[in-house]
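Structure first, then comments.
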Amino acid sequence: MRVLGIETTCDETAAAVVRSTQDGDAEILSNEVLSQIAEHAPYGGVVPEIAARAHVEVLDRIVARALERAGLRLSEVDAVAAAAGPGLIGGVIVGLTTAKALALVARKPLIAVNHLEAHALSARLTDKVAFPYLLLLVSGGHTQLLAVKGVGDYVRLGTTMDDSIGEAFDKTAKLLGLPYPGGPQVEREAERGDPERFALPRPMAGRPTADFSLSGLKTAVRIEAERIAPLTATDVADLCASFQAAVVDVVVDRTRVALRLFGERAGKPNALVVAGGVAANQAVRRALQRLASEAGLRLAAPPLELCTDNGAMIAWAGLERLRKGMIDGLGVAPKARWPLAEAGA
Ligand code: KG4
Ligand code: ZN
């Protein structure tokens with residue numbers, strides 16, 4: 001089976017074709033991503049109107065290129081999948097409407113994919129992880145710990161009560177005068193900084209639920225920065241290193257609690273999976289690797305280009321759903337909000 005996947009929920013316009021083989025393996029035939037970072041950078045963050053317009057301008061070309069690189073015509077795919085939310089509604093409408101039009105003209109099934117589900121299932125594409133597993137989803141828009149029990153079967157063990165971790169990275173970068181998107185910049189600065197110079201809080205540490213809170217940490221960075229202003233290059237590096245060390249501690253503490261909650265609810269997970277843009281962070285990955293080893297689990301982290309938003313994860317989630325006959329009608333609506341699971345802890 002071959003599925004075309006379209007992703008337009010944020011600031012990446014992406015399309016990909018993924019194929020499942022007879023022995024159950026999967027292969028990415030093409031994976032085209034066009035980032036709008038340059039268009040949003042002057043504003044220090046994603047501007048929804050600019051994003052929607054940019055998706056309209058390039059999506060047709062990106063889809064054509066994905067098909068071409070896969071060596072396929074539209075009539076040769078078995079289904080068309082698109083992220084139908086959650087995300088910036090203008091962009092979601094562009095991607096889903098395009099997918100509907102393609103599905104209609106090619107007379108193929110349409111699959112409306114939840115963007116979070118696509119992140120959640122991508123480790124099955126790259127690492128063949130079997131259900132159930134614990135997922136730490138850390139992106140710009142989301143910070144969640146989920147028990148992934150099957151396609152469409154998720155229990156939310158923890159979520160953030162305020163900012164996402166990606167947002168905390170981005171806001172910290174902004175207040176330190178680093179360009180957008182902040183995550184990779186903060187990581188680069190942190191590499192040459194002193195993680196112990198500033199004593200920053202570890203919000204929620206030791207709490208019995210697996211929820212996160214990040215806004216206090218960002219505020220603590222601001223207070224320290226204001227206290228020692230004007231900042232030297234060393235100050236910026238040390239603030240980044242101290243911030244990142246606090247985030248790492250928080251992630252490990254919260255994930256450890258989620259592992260315990262998982263055990264109580266769903267038995268032993270087959271793996272600890274990390275997905276979303278922040279999973280590109282090497283310090284976060286290393287800490288999770290240690291935690292997984294400690295718990296006797298495998299850590300599965302998709303390669304960097306599949307951690308951030310991409311079309312392959314949408315195509316793959318579409319494939320997983322198609323195999324189960326979970327297809328959608330052309331009347332399916334785009335959704336700005338679309339929780340993957342209700343709180344279950
Ligand atoms: O999953 P993603 O590409 O988009 C969303 O669906 O949100 O995640 C983007 C987020 C941004 O907040 C970005 O700053 C963060 O992931 N990010 C990082 C790193 N690379 C991207 N955060 C920390 N360290 C990184 N290396
Ligand atoms: Zn995402």
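The values are calculated or read from the model by the stated rules, or taken from the named source; none is laboratory data. Bear in mind the structure is a predicted one, so any value in this text is a computation, not a measurement. Every residue, glycine among them, receives a Cβ derived from its backbone with ideal geometry; neighbour counts consider all protein chains shown. These area figures cover heavy atoms from the full protein model, side chains too; ligands, DNA and RNA do not enter into them. Shrake-Rupley method; radii C 1.70, N 1.55, O 1.52, S 1.80 Å.
Tabulated results
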item: For the range 122-165, convex hull of alpha carbons as volume per residue, Å³; result: 76 Å³
item: Rg(Cα) / (2.2 N^0.38 Å) computed for the range 5-160, rounded to two decimals; result: 1.07
item: Candidate lysines for bridging to K171, where Cα separation is under 21 Å - those fewer than 8 sequence places away on the same chain excluded; result: K218
item: The range 132-304 - convex hull of the alpha-carbon atoms, volume per residue in Å³; result: 105 Å³
item: Members of K149/K335; K100/K324; K100/K128 lying beyond 27 Å, as alpha-carbon distances in this model show; result: K100/K128
item: Rounded tilt (10° steps) of 48-70 against the dominant C-alpha axis of the chain; result: 50 degrees
item: Cα pair distances in the range 245-329, grouped into 5 Å bins until the bin that holds the longest one, percent each; result: 3, 13, 19, 19, 16, 16, 9, 4, 1, 0
item: Quotient of Cα Rg and 2.2 N^0.38 Å for the range 87-234, N being how many residues it contains; result: 1.34
item: Contact order relative to length of the range 132-304, as percent, for alpha carbon pairs under 8 angstrom and 6 or more apart; result: 28 percent
item: Taking the range 46-165 and dividing mean pair separation by its residue count, relative contact order in percent (alpha carbons under 8 Å, at least six apart); result: 17 percent
item: Projected label distance in nm at D78 and R337, using a 7 Å step from Cα toward the beta-carbon; result: 3.6 nm
item: Exposure rank, largest accessible area first [M326, M313, M1; 1.4 Å]; result: M1, M326, M313
item: Gained length - R107 relative to D162, 0.36 nm times residue gap less alpha-carbon distance; result: 15.5 nm
item: Antiparallel bridges, percent of DSSP beta bridges restricted to the chain (to nearest 5); result: 60 percent
item: Computed log₁₀ I(q)/I(0) - Debye formula, equal Cα scatterers, no solvent, the range 199-273, q 0.13, 0.18, 0.22 Å⁻¹; result: -0.49, -0.74, -0.93
item: Theoretical FRET efficiency, 1/(1+(r/R0)^6), r = Cβ-Cβ of S35 and A233, R0 30 Å, to 0.05; result: 0.65
item: Whole-number accessible area per residue in Å² for the chain, which is evaluated in the context of all protein chains at 1.4 Å; result: 41 Å²
item: Net charge of neighbours whose Cβ lies under 14 Å from the Cβ of K218, counting Lys and Arg as +1 and Asp and Glu as -1; result: -2
item: Inter-probe distance in nm under a simple model that places probes 7 Å from Cα toward Cβ, at R65 and I89; result: 3.0 nm
item: For the range 269-342 versus the range 1-76, the gap between their alpha-carbon centres in whole angstrom; result: 17 Å
item: Dipole magnitude of the range 34-190 about its Cα centre (Cβ charges: Lys, Arg +1; Asp, Glu -1), debye to nearest 20; result: 480 debye
item: Computed over the chain: relative contact order in percent, which uses C-alpha pairs under 8 Å that are six or more apart; result: 25 percent
item: Folded to 0 to 90 degrees: helix 215-228 orientation relative to the chain principal axis, Cα; result: 40 degrees
item: Per residue Cα convex hull volume in Å³ - calculated over the chain; result: 124 Å³
item: Nearest 10 degrees, 0 to 90: helix 165-175 Cα axis against the chain principal axis; result: 60 degrees
item: Heavy-atom accessible surface of the range 132-304: percent carbon and sulfur, 1.4 Å; result: 51 percent
